[in-house]
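The values are calculated or read from the model by the stated rules, or taken from the named source; none is laboratory data. Quantities reported herein were computed from a predicted structural model and do not represent experimental measurements. Cβ: placed from backbone, ideal geometry, glycine included. Neighbour counts: every protein chain shown. Areas reflect the complete protein model, heavy atoms only, side chains present, ligands, DNA and RNA absent. Shrake-Rupley method; radii C 1.70, N 1.55, O 1.52, S 1.80 Å.
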Amino acid sequence: MSLLAVTDLSIDYAQLGGATRAVTSASFSMGTGSSIGLVGESGSGKTTLALSLLGLLPANGRVASGEIHYADESVSQYSETQWRRLRWTKAALVFQGGMNALNPVRRIVDQIVEPMLVHGTETTKQAATQRAIELLARVGIPASRARDFPHEYSGGMRQRAGIAMALACKPQLLIADEPATAIDVVVQAQIIRLLAELRESLGLALLIITHDLGVVAQLCDDVIVMYASEIVESASVRGIFHNPKHPYTKQLLESVPRFSGMRGVGAGISGQPPSLTNPPTGCRFHPRCPSVFSPCATEHPPASRLADKHVVACHLYGHD
Amino acid sequence: MTTVVLSQPPGPVTGEQTPAVERGTLARLARRRMVQIGVGGLGLFVVLAIAGQLLTVNGIATGSTAASIFNPPSLQHFMGTDELGRDVLTELSAGALVSLIVGIAATAIAVVVGTLVGLLAGFFRGWLEVVLMRFTDAMLTVPSLPLIIVLAAVVGQGLGQIVLVIGLTSWAGMARLIRSEVLSLRERAFVLRARSVGVPPLRIMRVHLLPQILPLVIANTVLISAAAILAEATLSFLGLGDITRPSWGLMLNNAFKSGAAGRGAFWYVLPPGLCIAILVLSLSFIGHAINEELSPRRQRQ
Amino acid sequence: MTTASRISSRIGQTVLTLFIVVTFNFWLFRLLPGNFTQLLSRAGALDPAAVASLKQSFGLDKSPVEQYVLYIKNLVTFNWGTSYVSHQPVFQMVFQALVNTIVLITVAYILTVIIGVALGVFAGRRAGRLADSVTVTTSLALWSVPTFWLGLVLVFIFSVWFVGLPVSGMTTYAATYSTPFDQVVDIGLHLILPTITLVISSIAQYTLIMRNSLVTVLDEDYVTTARAKGLSSRRVLWRHAVPNALLPTFTLTWLNIGIFLSTTLQVEVVFSWPGLGSLIFQSVNQRDYPVLEVSFLTIAVVVIAANLLNDLLYPLLDPRIARR
Amino acid sequence: MVFARVRSSADGASSVSAVAGINLDILRGETLCLVGESGSGKTTTARAIGRLVAPTAGSIRIDDIDIAKLRGTRLRDFRRRVQFVFQDPFESLNPRQRIGDIVAEPLVVHQVLRTKSEIQDRVWKSLEECGLTPGRDYARRYPHELSGGQRQRVCIATAAILEPELLIADEPVSMLDVSVRSGIIRLLLSLRKVHQMTLLFVTHDLSLAWAIGDRVAVMYAGRLMELGSAEQVITEPKHPYTSALVTAIPEADPDQPLRPMNLVGEGASSTSITGCCFRLRCPYAQEVCATSVPPLADTGHGHLTACVRHAEISSGLPKIVMGTMAAEPLASEPGDSDRMTASDTTTR
């Protein structure tokens, strides 16, 4: 039984000139304790996908089609009350950089206590406070700083507090949106190690949304690559890094400088990321693709399964 | 120190916005209903003011006999007569002229002074900035209406003096706004880049700063003119305006003093106030719409 | 900046502003049209001895610097002179007027802020919808209506169509009260129309600021976090969004006292409320300069004090400024 | 050959300054990477070298002349020789100017070219050199019509059009999408080669410094911690901070295990710390570290480090496993000759 299953999910944003599809037919599932990296550039739809998993789409966004299941229970007909019960207990969210995810006028400890009391996972204020302080200690923040306000924390501490807050109601799934962006390298390394350690000790499932391939390589078992609102490739982390299939994935990997390669920078990807309001026809990557051939501009590539976990949506594959 | 721009219409005017007005802004503005209504209202009073100059046929003074005063609207006097038997409609159109003149002239003074002070204080830091801003802060702190009253009592009550008094008490909010905008602009990367390329200061102000603050200046100009018109009306109502010219405020002052309200002369009490309200509202609508158009939130969408 | 140094720097700024205003006042009232002594004697039946003593108490026979020192000395010792018109001590007149003004504005201001903020929340959480644009448009319209005219219209309505509520003064003329309670009721009745006028005229600023502030806050990550935590939308609004959105409005309530006093001045004139506004109005028309000068200074000092109070109180609300 | 000498005394702790203890020579024709976390003073240093901020102490000398003393024509001449590319391409362009006017501005203010058509031709050529083809089309557009990567190309065109001797690029790709970053970096490197410029590349990303730098300078809390060739600094760090930075970078390789992090705390505002500004976070700190500010010491072959204990500890510092240093480049695109590899980066 999977913890979370997304099937054929599409999400639209209503805009002045009609609707923009931010996520197109996304499907994936996560088991208990698994860790998936959702990789994509800005505007590829990855944050929208994350928000939709908790029913948090902005007012102009809506699920156009598809299903989200938590432990085999469909959420598509959920009322706001049902969503509210699901949030933070089944899955919790860690925001980018942690900077703005904390209410500036409320004390850290109170913000961690709040969901426990609302969801009734702790019944008394004392017990909840006790647990909040334990959680803070768990992420490396001493009890003496629990009653601080967010601005008194450093960037790294805020991100840690955000993680402690996400653990408040013992969710099985942690959705982390760019958990290591906008903080310094050393702090980023600390946060990555903290997440890895929490996953190990608590059996947490992680959905890491990032554009940083390094974070994915170090933290995830499986990788989903998104391009222009579509999933173009998904595979195990080794499958992606050692045997990438989609030309976009290949070039993306090539453009990341690393120590364990040779010096120099890859060619990168020519052209610019497409706009979602007016996406290219056929394969959305074809205007930038070095391997483009006849069907790419007109036909949308179907997803083909190459190996157990390795699925790619590209005309180069699956046409025997 | 927290500063909110005082003595100006409430609105989302902030110094921190980055008015990247692009092509099509005017077209987008023109499509806003508030702008359409605002421009319409403004046009109405321009026409009224001009018409008043052409059609002073009915004359102002018609000898105050008991029969000719406080006449309700009739075919002869569309809007009735006042306590001296004058035609209310004629007075109204003459008042429109005064309001527009004061609005434009006082605003011009305030905008020039405010922009200059703001630009100088923001661009040339140091003692000049300290002196200018201390003075601006003091201006902002002192409540405007009592200040205007006191000044008017001192410098006199001709139209010119009124314009001067209102203009010289309305620039401080503008100065503060422009300064904070210039302060943030001069740290912006494109100004830094211009400096790094070697662009001289005057060219930076002309090419890189002025076009950026222009939309902010325009939005505030409209709002200041609304406030100036209100100030003139209030001053005239209090009997501190130019009593030789029939303005809307003066009409209301006369109505108030002659007990028009008590005599039920609604045709005399209502129109001048409505005129002020509609003219000010027209300007507020336009200013509000420009501000909306400039606000960063809109830019993001 | 530490709290202590922040406070002392704010007090320093306040003193500087006071200094500028006082100096401006001194200079302004010596620019009066006509010779000062001429004005003094013109002001009424003053015998030469009285003129001489007035001259001396204003220090008109001394150098400008000495005059200025004397001016400040008189100010701080409440030696504010006598009215040209009523010959009463200015201090007494201004003090009584100030008390009456405070009676008028206290209730009106509290109502204005509460209703304004409530309307702002109402519009802000419905941003972009019809209820929002109606609220914003109405607010702008209310702001555009001249206060004195609104008062006139109310006077008109209540003296022609709905006779009953008093439309003028603070108490019924020549009334005698059997109990102090009756007097309070009488004043209360006289308060109703001025209060309504004040509230309607002033509400827009709070509504619009609160609305804009709330719209901004509702877009912040921490509000999304609060929703993600499974809180009810009511709790998200009142516990997370509104407290943050209130901060700029709080500041506004103090900084806008000057604007509110300007509005009050008009209301007092229209409804003949014997407060500072009426006093200023009368002394301008009667060219009663000592009274005018002190009344104006009093209003300025009240506003400057409110500004200072804001800067001292604000940190208590916003923890970001309170510490470090 | 030294192009610029940057000197600021190490014991300037009395004044609160963002930068102190910098002793850095920029060599003509090299790519020098200035690396550090936020607050390390790297941007301030770079801006001081470009005379956008004035150093409060110390000096920056180009051709043995203190640039702080430059005035008038000589300052204009200096501006021609040293150009910038800034971090944020969305902010770096005046939204009211057309791209053509933006790129032409340096030519206009320095009066390099006089006639309109000359300027126009030069602008179009420059745009095309920076990958914005056809230049004629791009010149007509406004910044908001361009993507982030394209805007950064405009910034580079503006900086390169005067053919400066030193190009200072301050985090030029950190705000861009991953897929367009390489293109921007390769453009900078190729311009450097074509116009024989010196490149000062400021970045927080040590792996990027490894990829493109001839030499790498590591800054922490406004001080220079380590300086040497890219190989020296990254494969054999002598300073515990450099070592920690190398360890911290998440390597895009699932077979590399998470390396242990032995560094506590985060970023530093350090001017008030006595001795070594890094000692409170340093796992190797001893009493000696608190007594005096460690000088930049040469450990041989031009590899400098500001750690008094480097001789004892450097052999024990955690190191990463480097991949095989392949001698041949990755498959190049046709006609693409500007790929930097270990074999051709050294142009000194």
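What the table below lists for this structure:
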item	result
A:S144 - accessible surface, heavy atoms, 1.4 Å probe, Å² rounded to 10	100
16 Å Cα-Cα reach of A:K309 towards aspartates and glutamates, excluding residues that sit fewer than 8 places from it in its own chain	A:D221, A:D222, A:E233
At least 50 Å² of accessible area lost relative to the chain alone, listed for the stretch C:2-21 with a 1.4 Å probe	C:Q13, C:I20
Highest-fluctuation residue, A:A143, A:A161, A:A59 considered, GNM on chain A with Cα pairs under 10 Å	A:A59
Between A and D, accessible area buried - total, square angstrom, nearest 100, 1.4 angstrom probe	4600
Per-residue HN-Hα couplings for the stretch A:283-295 [Karplus 6.51, -1.76, 1.60; θ = phi - 60°; Hz; x = Gly/Pro]	6, 5, 8, 4, x, 10, 8, x, 9, 4, 9, 3, x
At least 50 Å² accessible surface lost relative to isolated chain, residues of the stretch B:258-277 (1.4 Å probe)	B:A261
Virtual spin-label span in nm between C:R234 and D:R140, 7 Å along Cα→Cβ	6.0
Shielding score for B:34-42, defined as the mean number of other chain Cβ atoms within 10 Å	1
The stretch A:65-221, accessible area per residue, ligands and nucleic acids excluded (1.4 Å, Å²)	34
Distance (nanometres) between label positions extended 7 Å along Cα→Cβ at C:S133 and C:F95	5.6
Percentage relative contact order, the stretch B:78-231, counting C-alpha pairs under 8 Å, at least six apart	34
Among C:S178, C:S201, C:S168: highest mean-square fluctuation, GNM of chain C, C-alpha pairs under 10 Å	C:S178
Neighbour net charge for C:D132 - beta-carbon separation under 10 angstrom, K R +1, D E -1	+4
Surface accessible to a 1.4 Å probe, per residue, for the residues of the stretch C:91-287, Å²	40
Area buried, chain C against chain B - accessible surface, total, 1.4 angstrom probe, square angstrom	4900
Buried solvent-accessible surface, both chains (C, A), 1.4 Å probe, Å² to nearest 100	2400
Summed side-chain charge close to D:V173 - residues other than D:V173 whose Cβ falls under 10 Å, Lys, Arg +1, Asp, Glu -1	-2
Relative contact order computed over chain A (Cα-Cα under 8 Å; 6+ residues apart), in percent	19
Of C:L252, C:L214, C:L75, the one that fluctuates the most in a GNM where chain C has Cα springs shorter than 10 Å	C:L75
Per-residue mean of C-beta atoms belonging to partner chains within 10 Å, peptide C:133-142	4
Solvent-accessible surface (1.4 angstrom probe) belonging to D:L162, in square angstrom, nearest 10	10
Cβ neighbours within 10 Å from other chains - mean over D:90-101	5
Residues losing 30 Å² or more accessible surface upon assembly, the stretch D:154-181, compared with the chain by itself, 1.4 Å	D:D177, D:V178, D:S179, D:V180
Whole-angstrom gap from the stretch C:177-225 to the stretch B:165-244, using each part's C-alpha centre	31
Around B:V197: net Lys/Arg minus Asp/Glu count, Cβ-Cβ under 10 Å	+3
Mean residue ellipticity (222 nm) of the protein assembly as shown, computed from DSSP H runs ≥ 4 via -39,500 (n - 2.57), nearest 500	-15500 deg cm²/dmol
Of the DSSP H helices in chain C, those whose Cα atoms cover at least 30 Å axially and whose Kyte score averages -1.0 or more	C:3-28, C:90-124, C:180-218, C:289-317
Residue-by-residue Karplus 3J(HN,Hα) for the stretch A:73-85, coefficients 6.51, -1.76, 1.60, Hz, glycine and proline x	9, 6, 9, 5, 9, 4, 7, 4, 5, 5, 4, 4, 5
With every protein chain in place, chain C: carbon and sulfur % of accessible area (1.4 Å)	68
Euclidean distance between Cα centres, the stretch B:100-159 to the stretch D:182-256, Å	54
Unsatisfied cross-links (Cα-Cα over 26 Å) in the set A:K46/A:K245; D:K116/D:K193; D:K42/D:K69; A:K250/D:K125	D:K116/D:K193; A:K250/D:K125
Rounded FRET efficiency, nearest 0.05, which uses the C-beta distance separating C:D219 from A:S154 and R0 of 30 Å	0.75
Relative contact order (percent, whole number), the stretch C:91-287, Cα cutoff 8 Å, 6+ residue spacing	35
